[in-house]
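Written out below as structure tokens is the structure these notes cover.
The values are calculated or read from the model by the stated rules, or taken from the named source; none is laboratory data. From a predicted model like this one, the values you see are computed outputs, not experimental measurements. So basically every Cβ, Gly included, is an ideal-geometry build from the backbone, and we count neighbours across all protein chains shown. SASA here: full protein model, heavy atoms, side chains in, ligands and nucleic acids out. Shrake-Rupley method; radii C 1.70, N 1.55, O 1.52, S 1.80 Å.
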Amino acid sequence: MKVKVEKYPGLSIGSNGHLCFSGADCVRLAKQFGTPLYVISEDVFRDTCRAQRAAFEKHCPDAHISFSTKALTALALMRIAVQEGLGLDASSPGELFGALKAGCKPENTILHGNFKKAADLEFALGKKVGRIVVDSFEEIEELDSVARRMKVRARVQVRVNPGVEAHTFELLKVGMLDSKFGLPLQNGDALEAVRRILKKKSLDFMGVHYHIGSQILDPSPFRIAAERAMEFLLTLRREAGATVRELNIGGGLPVRYDSRHPMPTPEQFARQVCGTVKKMAKANGLDMPRIILEPGRSVAGPAGITLYTVGPVKRIPGIRDYVTVDGGLSDNVRPGLYGATYDGLLANKAASAARMKPFRVCGRHCETDTLFQSLRLPDPAYGDILAVLSTGAYNYSMSSNYNKFPRPAMVAVSKGKARLIVERETYEDLYRKDLPEGKG
Ligand code: LLP
């Protein structure tokens, strides 16, 4: 089965039969910048930012979109997200540092994490972070003491666990009760957390946060989670006299990893969430909370592809044929970690009429690093360029130096032009922090 290139935004096939991304010839990009290469379409990235804003602002005009930088932690792209009017979400002090370095206003940043240490909280408050999402009773106490010491007031949201089952990979489900994240709604912990926050002068209770999982293909868990959250808002009013100004619904919108699958639109999610929140607020005389969305994958994923050079093609008659590429586990851990699947095609043979045959595509790490269990390719050969699609999210940001492979470069393409936005690591970079003689 041929990949339906037209299903992927920004992709096209040039008159020379080469795959093009945002008008740039992928074969030329590979030659110019080397492989493996992360290629991000600035045009698609801007479009995904705009599409999320448009969808949510249509249904909730004061909605705020905060890009989850964990999906693609590159300064140039965080900067573009800011230009597009998005805030930036950080899951660690390191990401917060990057968000600020990328030019995000401190008040538009959000800090997450299920164990933020005192030093992390101090760092964030020192940088005037916009919101801290607290995730435990211990954190409430820690944040209170740090804020008092620093003589500042911390604006907080409480991460609750709505106990919703979202259909996605096992490790990516986090809203069900059996999870390390969030204070459960069911057993009263979430209510107790808000009560404690309200008693602390150093803490400014802004709202409620939840995140039910990632790559959620069906919008209905979003509706159910929003209903449970709104019930909680009513409980908070009744039991604690608390006003909830913000409802942060996390991320989770999906991206296309297979050109044959149908894809829900951001608007379908927006309609479910905003419709539910509006209806329940109105029915109960509750002020409408400001809706905050933290998309990561759905902003970055479609904007990226990865280019590899094909190496040896190994044929084992009667068993299987292998195609090796010059990357793998260290630049895309997702197939190994989650069993994630992608679409891929040969960029230099995108219009080939040769018969497609299945190949196992593996990387060049010193273990069985399978990128594709089975990918149909037209007569792959040494030196071809393989493009893996929809790799913009959680590829670069989860990359490693396993086997001491330098991380790939990243280029941004727009209207046919390319610019380098992350340099390829050097061998020197790989040992920069080593102290061969020891110290101290
Ligand atoms: N907000 C919070 C609190 C989150 O924990 C996450 C993702 C997001 C927002 C963004 O979710 P998204 O829109 O990207 O689904 N490494 C995994 C994904 C882990 C997601 C963790 N949290 C992967 O490669 O699939």
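Under the definition of Cα pairs under 8 Å and six or more residues apart, what whole-number percent is the relative contact order of the chain?
Computed value for the chain: 20 percent relative contact order.
Picking from Thr309, Gly241, Ala63, whose Cα lies most toward the positive end of the charge dipole for the chain (charges on Cβ: Lys, Arg +1; Asp, Glu -1)?
Ala63
Ranked by accessible surface with a 1.4 Å probe, highest first, in what order do Asp343, Asp62 come?
The ordering from most to least exposed comes out as Asp62, Asp343.
Find the centroid of the Cα atoms in region 285-305 and in region 60-125, then give the distance between the two in whole Å.
Each part reduced to its Cα centre gives a spacing of 13 Å.
Is region 70-209 best put as rounded, prolate or oblate by its Cα gyration tensor, with a ≥ b ≥ c the root eigenvalues, rounded for a/c under 1.5, and otherwise prolate when a/b is larger than b/c, oblate when not?
Oblate, because a/c is 1.5 or more while a/b does not exceed b/c.
So what's region 1-68 giving for Cα Rg divided by 2.2 N^0.38 Å, two decimals?
1.46
Hey, can you rank 187-198, 304-315, 205-216 by average C-beta count inside 10 Å, highest first?
Ranked from most to least packed, the peptides come out as 205-216, 304-315, 187-198.
Taking the Cα centre of region 217-336 as origin, work out the dipole magnitude from +1 charges on Lys and Arg Cβ and -1 charges on Asp and Glu Cβ, in debye rounded to 20.
Here the size comes out at about 260 debye.
Looking at region 93-248, send over the antiparallel percent of its DSSP beta bridges, to the nearest 5.
5 percent
Compute the acute angle (0 to 90°) between the alpha-carbon long axis of helix 42-59 and the principal axis of greatest extent of the alpha-carbon atoms of the chain; round to the nearest 10°.
Value to nearest ten degrees: 30.
With +1 assigned to the C-beta of every Lys and Arg and -1 to the C-beta of every Asp and Glu, and no other charges, what is the dipole magnitude of the chain about the Cα centre in debye, to the nearest 20?
Magnitude of the dipole: close to 640 debye.
What is the calculated FRET efficiency for Met288 to Asp204, with r their C-beta to C-beta distance and R₀ = 22 Å, to the nearest 0.05?
Using R0 = 22 Å, I get an efficiency of 0.65.
Could you pull the Rg and Dmax for region 181-286, using just the Cα atoms, both in Å?
That works out to 15.7, 54 Å for Rg and Dmax.
Within region 331-373, which trypsin sites (Lys or Arg not before Pro) sit in a loop by DSSP and count at most 10 neighbouring Cβ atoms inside 10 Å?
Qualifying residues, ordered by number: Arg355.
Taking 7 Å along the Cα-to-C-beta vector as the label spot, tell me the Lys415-Lys105 distance in nanometres, rounded to one decimal.
Those two pseudo-labels are separated by 2.8 nm.
Per the helix-only calculation at 222 nm, which mean residue ellipticity applies to the chain, given -39500 (n - 2.57) for every DSSP H run of n ≥ 4 and division by its residues, nearest 500 deg cm²/dmol?
Roughly -8500 deg cm²/dmol at 222 nm, from the helical runs in the chain.
When only DSSP loop residues count, what chymotrypsin sites (Phe, Trp or Tyr not before Pro) in region 385-440 have their Cβ near at most 16 other Cβ atoms within 10 Å?
Passing both the DSSP loop test and the Cβ count: Tyr431.
Report the gain in length on full extension from Lys279 to Arg149: 0.36 nm times residue separation, minus Cα-Cα distance, nm rounded to one decimal.
Contour length minus Cα-Cα distance gives 42.6 nm.
For Glu367 and Phe97, what is the calculated FRET efficiency with R₀ set at 25 Å and r taken between the beta-carbons, to the nearest 0.05?
0.15
Say each of Leu217 and Leu435 gets a label point 7 Å from the Cα, pointing the same way as Cα to Cβ; how far apart are those two points in nm?
5.1 nm
Return the tail of the calculated pair distribution for the chain, meaning the percent of Cα-Cα pairs more than 39 Å apart.
25 percent
For region 93-132, list residues with backbone N below 12 Å from a point placed 7 Å from the Cα of Lys180 toward its Cβ?
113-116
Suppose every Lys and Arg Cβ carries +1 and every Asp and Glu Cβ carries -1, with no other charges. What dipole size does region 23-108 come out with about its Cα centre, to the nearest 20 debye?
That gives region 23-108 a dipole magnitude of about 200 debye.
Please give the contour-minus-distance gain from Lys4 to Asn187: 0.36 nm per residue of separation, less the Cα-Cα distance, rounded to one decimal in nm.
61.1 nm
Using label points projected 7 Å from each Cα along Cα→Cβ, tell me how many nm separate Arg50 and Ile319, to one decimal.
5.2 nm
Find the cysteines in the chain that fail to meet the 4.7 Å Cβ criterion with every other cysteine, and list them.
Here Cys20, Cys26, Cys49, Cys104, Cys362, Cys366 come out as lacking a disulfide-compatible partner, given the Cβ-Cβ threshold of under 4.7 Å.
Compute the length gained on full extension between Lys117 and Tyr427: take 0.36 nm times their separation in residues and subtract their Cα-Cα distance, giving the result in nm to one decimal.
Roughly 108.3 nm would be gained on extension.
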